[in-house]
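Quick notes on the structure that follows.
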Amino acid sequence: MARTTPRPPPTQALVLSCLNQRCPACGGPLWFAYENERTVTSLEAVLAVTLQVRRCVNPACAWYHRPYRPEAEGRLALPHHEFGLDVIAWIGAGRYQEHDTVAEMHRELTHRGVVIAPRTVDHLLGRYEELVSVVVTAPAQRARLQPQGRLILAVDGLQPDKGHEVLWVVREVLSGEVLQARSLLTSGRDDLRPLLQGAVAGLEGLPVVGVISDGQLAIRQAVSAVWPGVPHQLC
């Protein structure tokens, strides 16, 4: 159903640039190409996000002119989504930890200042359920990733409120695919290792050539244990 009320105006501006500025295929420079704009509603603000997109300019490269988007974009929101991943995580926690109804979650989000329709809360609850059950193992999904020849992973943990479980999302940066999403009550090294291993189940033929995450010690230790020697970019 189409939106019937205006989208609230942005309250904050955010510019995202690419952490990696070398082509994942040929190793040449990724040159700035253009900017994209999108608006994302999070729990705390309505963000006007500017994305600085880069491209490889080597005509002999398989990735020639293919857009490379900022890695942090996927931490904010899923592709084509108006509401942030933190909102999805909050709704999932409200339903499965607090056992709230859609009406109760809508009332609480409105109280927090998030402009959202009740039907959107229900839609995002479904999206949360899809996320925590997703694993890229189907042959068609594996086939989409095979031409890349490599994987660059981003690992994000979202805790919507203190005391809630953390929603961990493992994304493949080059394709934008969500490979694994799990809600974890504890997030130590031994909790994260199965998450990382499960993210690449069925993709053993594609080497992981890089990992991007924040600097949390447990993530660094888990990445080092699962993929020793793989470059790990902290953001």
Which loop trypsin sites (Lys or Arg not before Pro) in region 1-53, with loop taken from DSSP, have no more than 16 other Cβ atoms within 10 angstrom of their Cβ?
3
Compare the peptides 77-83, 228-234 by average per-residue count of other Cβ atoms within 10 angstrom and give them in order, highest first.
77-83, 228-234
Per residue, how much accessible surface does region 33-192 expose to a 1.4 Å probe? Answer in Å², no decimals.
46
Per the Cauchy relation, a quarter of the hull surface: what is the mean projected area of the convex hull of the alpha carbons in the chain, in nm²?
13.5
Contour minus Cα-Cα distance for residue 143 and residue 26 (0.36 nm per residue):
40.0 nm
Residue 62 to residue 224: FRET efficiency via 1/(1 + (r/R0)^6), r the Cβ-Cβ distance, R0 22 Å, to the nearest 0.05?
0.15
Counting only protein heavy atoms with a 1.4 Å probe and every protein chain in place, the carbon and sulfur fraction of the accessible surface of the chain in whole percent equals 53
Order by protection proxy (mean Cβ within 10 Å, highest first), peptides 42-48, 11-17
42-48, 11-17
FRET efficiency for residue 233 and residue 110, Cβ-Cβ distance as r, R0 = 41 Å, nearest 0.05?
0.60
Sorted peptide list for 56-67, 178-189, criterion being average Cβ within 10 angstrom, highest first:
178-189, 56-67
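For residue 190 and residue 129 in the same chain, what is the full-extension length gain: residue separation times 0.36 nm, less their Cα-Cα distance, in nm?
Full extension from residue 190 to residue 129 adds 19.5 nm.
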Over what distance in Å are the Cα centres of region 63-105 and region 166-228 separated?
17
Given +1 on the Cβ of Lys and Arg, -1 on the Cβ of Asp and Glu, and no further charges, what dipole in debye does region 29-145 carry about its Cα centre, rounded to the nearest 20?
620
Cβ-derived FRET efficiency at R0 45 Å, residue 101 paired with residue 33, nearest 0.05:
0.45
On the full set of protein chains, 1.4 Å probe, figure out the accessible area of residue 41 and give it in Å² to the nearest 10.
0
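The values are calculated or read from the model by the stated rules, or taken from the named source; none is laboratory data. These figures come from a predicted structure and were not determined experimentally. Note that each Cβ is placed from the backbone with ideal geometry, even for glycine, and that neighbours are counted across all protein chains shown. Heads up: the accessible areas ignore ligands, DNA and RNA and are worked out on the full protein's heavy atoms, side chains in. Shrake-Rupley method; radii C 1.70, N 1.55, O 1.52, S 1.80 Å.
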